[in-house]
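All remarks here apply to the structure that follows.
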Amino acid sequence: MTTILQDMEKKPEDLSKISFGLALSGGGYRAAAFHLGTLAYLDKIQLLPQLRRLSTVSGGTFTGMKYILSLVEGVPFSQFFRNFYLFLRDENLFQQGLADLNNGSIRVPSGQRKLILSMANVYADTLLKSPKGSPYTLKAILDSKISVEEISFNTTEFCTGVAFRFQKSISVHAYIGNGNISIPRELAQDIRLADILAASSCFPGGFEPMQFPQDFAWPNNKIPSAIKDNKQFESLGLMDGGISDNQGIDSLLLADKRKGTEPLGLLIISDVDSEKDNLLLYPQNNQISSNLTLGQIDGLIRFFLVTCGLTIISVVYELWQEIQGGTFIFLQDFFSALMPIILVAGIVFVFAWGREVIKNQILSRIPNVGLAGWKDLKTLTVDELFYLLELRVKSLLALTSSVFMVRIKRLVTNCLHGDKAYQNKIVSNKIDRLIDPKRNVDLPKITPLSQELKEVIENAAKMPTTLWFKKSQSLIDITIAGQATICFNLMQYIVRQYGKESETYPPAIKQLWDELKQDWEILNDNPISLLEELLPEEKFVKP
């Protein structure tokens with residue numbers, strides 16, 4: 001009985017007065033928009049000012065970094081929301097990155113042209129440009145006096161295979177990097193936030209690894225000697241923070257356990273990784289368009305090359321006869337004789353060169369198979385080859401983007417829930433929480449999820465991981481999903497903490513409960529309503 005009373009005494013009587021930590025997961029623009037909706041609702045119910053720890057990954061870094069900069073600039077939340085929402089709606093970052101790559105703009109010491117470096121340039125010129133017109137650097141955050149004490153923008157380093165954190169902390173023991181490799185604060189402050197964002201969102205298969213420090217933009221395009229001469233930075237590849245922890249929970253826990261930090265009363269894990277029934281969908285191979293085998297195609301190519309060679313010999317012989325007979329006229333015979341020779345010779349060269357590339361550059365690199373395997377591969381048809389290639393690519397993507405992440409997430413989540421220090425302090429804010437058939441989403445005396453809101457959330461959860469929105473409706477749906485999901489999850493948290501009878505809640509908790517309940521009813525009746533309040537000048541159509 002005493003233990004129960006003690007537990008009751010530990011429960012906060014006013015959530016708006018307790019500090020909380022927030023982890024923003026990866027997931028491209030889907031994550032950025034969902035987290036924006038989550039932040040918007042936390043601001044609406046006046047919990048956001050109590051944010052003290054922030055950990056972001058990949059797509060979550062877009063929203064988290066921009067929000068932190070709005071605090072640095074002293075920008076009201078409503079202005080931050082509007083500017084960032086319109087940015088997500090109107091900017092196709094991937095397309096701009098391709099344009100930058102095509103322009104050949106190089107701003108880094110490595111002199112490399114990489115798509116990820118072009119994306120960093122785009123971030124620097126758009127999202128992360130200061131009011132003075134220059135790209136923001138980490139110094140703007142490190143020197144700030146904002147209320148968020150611990151901030152971690154997460155990447156993964158490919159030297160030891162663990163998280164690499166670009167962070168601000170009140171603790172002198174918090175590394176910018178990790179315990180194996182770290183960057184001194186006085187040097188890290190010159191790193192562009194755009195480069196940090198690029199490294200945090202540099203997902204495998206979509207982008208190339210960023211090499212630190214060569215692929216980072218430094219003042220006067222010169223790497224500081226203290227970093228350049230340090231052997232631990234000779235080959236440090238950085239990629240997406242989601243590789244090591246796509247939810248950013250680990251960094252949040254490390255920040256919370258540092259000495260001198262204010263104890264947290266709540267941890268909110270905002271996550272857009274929806275549950276999947278099948279991580280690998282087999283490609284369909286029902287329609288056979290060709291029975292040609294690779295060996296037959298190779299034979300046809302050989303025959304074609306021989307024919308082209310004989311054609312060249314024949315045309316050259318006739319041309320030589322004309323020259324010997326004095327009947328050759330350059331302007332007249334150029335297109336009838338010389339040009340066909342040039343074209344056929346070019347085709348022969350391309351085909352011959354292609355065969356050599358396959359033989360010496362591709363087959364020779366296949367482990368334990370190489371050229372010897374060609375005899376067996378020749379029996380495959382074209383359709384069978386493409387089926388095998390598609391299956392390999394899809395299985396590799398499923399392995400890296402789903403299997404590994406699910407496994408790591410499970411380990412980190414089990415660690416979090418197994419820590420007694422965080423019992424009754426965790427709010428899991430998953431994008432598919434309200435539509436997951438494995439979960440009971442009913443609360444006492446609460447309006448059931450309406451069909452309109454359900455469809456909005458289903459559309460949001462289905463959006464793939466991209467750096468653009470094909471339709472503005474996707475942005476609308478995902479932002480609403482963020483608002484509705486955190487609203488419901490906070491109601492569920494209150495019920496778990498304080499029971500089902502709202503009349504027994506502490507006054508401040510009862511007031512918050514009533515507000516959450518009212519907003520939940522509004523969202524079910526008209527999902528677009530809260531978004532309209534934030535963007536009254538925009539014209540929305542009710543879903």
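The values are calculated or read from the model by the stated rules, or taken from the named source; none is laboratory data. Quick caveat, the model's predicted, so the values are computed rather than measured. Methodologically, a virtual Cβ is constructed for each residue, glycine included, from the backbone with ideal geometry; neighbour enumeration extends over all protein chains shown. Note: accessible area is taken over every heavy atom of the protein model, side chains too, but ligands, DNA and RNA are not part of it. Shrake-Rupley method; radii C 1.70, N 1.55, O 1.52, S 1.80 Å.
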Identity of the residue in the range 493-514, within 29 Å of V456 (Cα to Cα) and open to solvent by 60 Å² or more (accessible area, probe 1.4 Å), that ends up nearest to the chain's Cα centre (by Cα)
R496
Checked the range 14-50 for anything surrounded by fewer than 24 Cβ atoms within 10 Å (Cβ to Cβ) and part of a strand (DSSP E or B); matches are F20
Taking the range 112-121 only, how many residues are assigned to a helix (DSSP H, G or I) and over 24 Å from I478 (Cα atoms)?
6
If you go through the range 51-80, how many residues are assigned to a helix (DSSP H, G or I) and touching a Ser or Thr at 6+ places or on another chain (Cβ under 9 Å)?
15
With the condition kept exactly as written, say whether any residue in the range 441-450 is surrounded by 18 or more Cβ atoms within 10 Å (Cβ to Cβ) and over 22 Å from the mean Cα position of the chain (by Cα).
yes
I'd like to know if the range 416-429 contains one or more residues that are within 27 Å of S201 (Cβ to Cβ) and assigned to a loop (DSSP other than H, G, I, E, B).
no
Residue count, the range 193-234 (criterion: surrounded by 14 or more Cβ atoms within 10 Å (Cβ to Cβ) and under 20 Å from G26 (Cα atoms)):
17
Please tell me if L88 is part of a helix (DSSP H, G or I), open to solvent by 10 Å² or more (accessible area, probe 1.4 Å) and aliphatic (A, V, I, L, M).
no
Pairs, first under 20 Å from I68 (Cα atoms) and touching a residue at least 60 places away in the same chain (Cβ under 8 Å) in the range 168-179, second open to solvent by 60 Å² or more (accessible area, probe 1.4 Å) and in a loop (DSSP other than H, G, I, E, B), C-beta under 8 Å, six or more apart:
I170/G260; S171/K259; S171/G260
Are any of the residues in the range 98-111 in a helix (DSSP H, G or I), touching a residue at least 24 places away in the same chain (Cβ under 8 Å) and out of contact with any Cys (no Cβ under 9 Å at 6 or more places or on another chain)?
no
Could you check the range 129-144 and list, in sequence order, the residues that are in a strand (DSSP E or B) and either hydrophobic (A, V, I, L, M, F, W, C) or closer than 21 Å to I176 by Cβ (or both)?
P135, T137
Any chance T465 is open to solvent by 70 Å² or more (accessible area, probe 1.4 Å) and more than 25 Å from Q423 (Cα to Cα):
yes
What number of residues within the range 442-462 are closer than 30 Å to Y422 by Cα and either basic (K, R) or in contact with an Asp or Glu (Cβ under 8 Å, 6 or more places away or on another chain) (or both)?
6
Quick check: is even one residue across the range 418-429 under 19 Å from the mean Cα position of the chain (by Cα) and either open to solvent by less than 60 Å² (accessible area, probe 1.4 Å) or under 19 Å from L281 (Cβ atoms) (or both)?
yes
With (1) crowded, with 17+ Cβ neighbours inside 10 Å; (2) farther than 30 Å from V57 by Cβ; (3) of a type in the set (A, V, I, L, M) as the list, and I522 as the residue in question, which single condition is left unmet?
(1)
Looking only at the range 235-272, count how many residues are surrounded by fewer than 14 Cβ atoms within 10 Å (Cβ to Cβ) and of a type outside the set (D, E, K, R).
3
Looking only at residues that are crowded, with 17+ Cβ neighbours inside 10 Å and touching a Lys or Arg at 6+ places or on another chain (Cβ under 7 Å) in the range 469-487, which one is nearest to N92 (Cα to Cα)?
F469
